[in-house]
Every structure is written in structure tokens, then in C-alpha cells.
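Undergrad: Have a look at this one.
The values are calculated or read from the model by the stated rules, or taken from the named source; none is laboratory data. Quick caveat, the model's predicted, so the values are computed rather than measured. Every residue, glycine among them, receives a Cβ derived from its backbone with ideal geometry; neighbour counts consider all protein chains shown.
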Amino acid sequence: MIAGLNRRCDVYHFSFPTDDLVGGALPTGTISYWDVQLRMQENQPSQLLLQQGIETMRTFTAVVAPGTLNIYERDEIKITRPFDDVFYGEFFRIIGVRKSDLNPRDPRNYLLLTLVRSDIAHGNRSQ
């Protein structure tokens, strides 16, 4: 186990089925991995953009172990532990995946994820 991983999450892989009878389709989320260890931190926004009054997207960087998981861009994670976490139950969309330079068999292997908060417009997400 890598020291400092202080949260747990579930990883969802979303697929987009074909349209239904009325011409719409909802993405279906399937849990790929349960109880994955991670550490997550908010990234510093660009001070120059903030000074100009431009709204910036809040991004986060997460370290996930083990590094042998098949996690892709557009997958989502849901924070599941600890229960008193500020982001407990929140979904984050993965916009970037970087693999570590360690050997895949090394127990210290990890993935670096770039995340944004996931919001679904006009929908209720089952939890």
C-alpha cells in the first residue's frame, strides 16, 4: 500500500446505448472497481484568469493505487470513504490518466488522474 492514500472510491465506466423509442438515450454507469484507494487534491486555479474575472473550471489531481487498473478518460469516480469527507458521495469525471514510471509489478505502482466535478443536467443519479 502506498502511504498517504486517505480516501476510497468506486470507479464507474459509462457507456452510451443506442437511442430509445422517443429518440433519447441515457448513459449507463457500470462499476468497474470497488473500494479503490486514492488521494485527491484540488489544483490551483490560474491567478491571471481569476484577476480578469473569467470563471475557471475546478480541477483535481488524484493518485490511485494500484497502477494496474484499467481506468480511462470519461470514466467517473464516486468518493465512498471516509463518511465525514467533504466530497463523500460526490462524482468526479476523469479527464486525464497518466501512468507512473514504475514497473507494473512494483507494489508502489500508481495512476495519476485529472478530475473535474461531474454534474448531470436535468437528471437524477441513483446512488
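Undergrad: Might you check whether a residue that is under 13 Å from the mean Cα position of the chain (by Cα), more than 15 Å from L111 (Cβ to Cβ), surrounded by 11 or more Cβ atoms within 10 Å (Cβ to Cβ) and of a type outside the set (G, A, S) occurs anywhere in the stretch 43-57?
TA: The answer is no; no qualifying residue exists.
Undergrad: Also, quick follow-up: G67 fails exactly one of the following numbered conditions: (1) touching a residue at least 24 places away in the same chain (Cβ under 8 Å); (2) part of a strand (DSSP E or B). What is the number of that condition?
TA: The failed condition is (2).
Undergrad: Determine, yes or no, whether R98 is of a type in the set (D, E, K, R) and closer than 21 Å to Y12 by Cα.
TA: Yes: the conditions hold for R98.
Undergrad: Output the number of residues of the stretch 93-121 satisfying the condition of being more than 18 Å from T28 (Cβ to Cβ) and touching a residue at least 40 places away in the same chain (Cβ under 8 Å).
TA: The total comes to 11.
Condition check ((1) part of a loop (DSSP other than H, G, I, E, B); (2) under 21 Å from G96 (Cα atoms); (3) at pLDDT 90 or above) across all residues:
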site	(1), (2), (3)
M1	yes, no, no
G4	yes, no, no
D10	no, yes, yes
H13	no, yes, yes
A25	yes, no, no
L38	no, yes, yes
Q41	no, yes, yes
Q44	yes, yes, no
L49	no, no, no
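Undergrad: Continuing with this model, one more query. Looking only at residues that are at pLDDT 75 or above and surrounded by 12 or more Cβ atoms within 10 Å (Cβ to Cβ) in the stretch 27-36, which one is nearest to R74 (Cα to Cα)?
TA: G29
Undergrad: Here's another thing I want to ask about it. I need the full set of residues from the stretch 83-125 which are closer than 21 Å to D35 by Cβ, loosely packed, with under 11 Cβ neighbours inside 10 Å and at pLDDT 90 or above, in order please.
TA: Scanning the stretch 83-125 gives F83, D84, V86, G89.
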